[in-house]
Structures are given as C-alpha cells and as structure tokens.
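The values are calculated or read from the model by the stated rules, or taken from the named source; none is laboratory data. These numbers were taken from a predicted model, which means no experiment stands behind them. A quick note on method: Cβ atoms are made from the backbone with ideal geometry, for glycine too, and the neighbour counts reach across all protein chains shown.
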Amino acid sequence: MHLVGRALPARHYGSVDVFLEALEHAHPGDVLVVDNAGRRDEACVGDLIALEVARAGLSGIVIWGLHRDTTELRTIRLPVFSQGTLPAGPQRLDAQDSLALASARCGEHLVTADDFVLGDDDGVLFAPLDRAADIAELAAGIRDTERHQAARMTLGETLRSQTRFAEYLAVRDTDGSTFRAHLRSVGGAIEE
C-alpha cells in the first residue's frame, strides 16, 4: 500500500455526513484523514465511504480509529490505514463542532489541509505541505543510501564495516560523539 497527498481532515461524530461534506471540498489526490479519537468501540469507515472516496479521486484514507468491511475494501483497492477492524459501526450521534472539517487528530498529530500525508506498508507520516519538496529530497537520499548499503551487504560487506563502527566505538567515550553524528560524517543515513 502506498499513498501520498494533501490532507483532507474530517472529525467523525457518529455519522458519515461529515465525510461526504469533506468530499465536497476535496481535490483529486487528497487523502481523507479521519479523526475518530482512536475509539476502539466502533468502526467509522466502511466500503461505501471508501467507494465514494475512490470515486472522488482521492489517494486514500487514514483513520485514527477503526474500519470495517475489510473484504470489500480489498476489492475497492483504495489504500486505507487504520488502527484495526471492528464489524460494528457507531451507535452514537454527537453534535458536530465548527472545526469538524478544519483539522483532525491522528494520535498526537493535529493535521490540517496545510499538511501532506505519506503512507506505505510501514505506516503513515504527516508533514507540512510547504516542506514537501525538501522532505522528498531528504527521503530520496536516505532511501538511495540504504539501498546502496543493502546491496553492499548482499555482496558480503557488513554494515559495521561500511559505517566504520569500530572507529566510532574508539572515539565515542572520549569525544562525546553520537552514532548519528558519526553516520553523517561517513555518509550513512540509517538513523535519519
């Protein structure tokens, strides 16, 4: 699973109308970020919303909470990231506040339309949209360094050798260096 796009926040209050309203303001490629307060007692997104999101041209859905209809979601093939599954939908209907479409929490992160979302098999990241180019450049550099290191490892060169780990150990206690600083000095990016 891979997704990238501008965040489209929506806070769930027990009804899917907030998602439909968010889609009224969506742009193709956006990522619906659903704040269901990390609830474990209800699933807030299922196949109908996923289909609607896909038809609107969005890149995917990120949910701070649970989803349902997993079999149907696989068929829809829209990336959906959540904290897990539960077959039961919400039984509550809370009052929607004025910030329902302005921001969404996802764990400790407060996400707005000024953020972008990156997701892959390892999880989801949020970052400021105005820093997207810088972050993409840095991430590509780290990816390339790690791929090069892995290729060298498959040819028999250990990571310890590549990162000159013995040199680091020899000076660590005398000069107070950190392994991250050492990695930067030798061009290894595994901890960035």
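Just wondering, is there one or more residues in the stretch 85-92 that are part of a loop (DSSP other than H, G, I, E, B) and free of Cβ contacts under 8 Å to residues at least 12 places away in the same chain? The answer is no; no qualifying residue exists.
Consider the stretch 19-44 and keep the residues that are under 17 Å from the mean Cα position of the chain (by Cα) and of a type in the set (A, V, I, L, M). The one that is farthest from residue 129 (Cα to Cα) is 37.
A quick yes/no check of all residues on (1) surrounded by fewer than 24 Cβ atoms within 10 Å (Cβ to Cβ); (2) under 27 Å from residue 136 (Cα atoms):
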site: 2; (1), (2): yes, yes
site: 16; (1), (2): yes, no
site: 25; (1), (2): yes, yes
site: 32; (1), (2): no, yes
site: 37; (1), (2): yes, no
site: 41; (1), (2): yes, no
site: 46; (1), (2): yes, no
site: 54; (1), (2): yes, yes
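In the set (1) closer than 28 Å to residue 114 by Cβ; (2) assigned to a loop (DSSP other than H, G, I, E, B); (3) in contact with a strand residue (DSSP E or B) (Cβ under 8 Å, 6 or more places away or on another chain), the condition left unmet by residue 40 is number (1). Only one residue in 189, 150, 181 is modelled with pLDDT under 85 and within 33 Å of the chain's Cα centre (by Cα). Which one? Criteria check complete, one pass: 189.
With respect to the stated conditions, residue 72 fails to be free of Cβ contacts under 8 Å to residues at least 12 places away in the same chain and of a type in the set (Asp, Glu).
Scanning the stretch 77-88 for residues that are crowded, with 16+ Cβ neighbours inside 10 Å and more than 15 Å from the chain's Cα centre (by Cα) returns a single hit, 86. Residue 78 meets the stated requirement of being more than 14 Å from residue 39 (Cβ to Cβ), free of Cβ contacts under 8 Å to residues at least 60 places away in the same chain, assigned to a loop (DSSP other than H, G, I, E, B) and touching a Ser or Thr at 6+ places or on another chain (Cβ under 9 Å).
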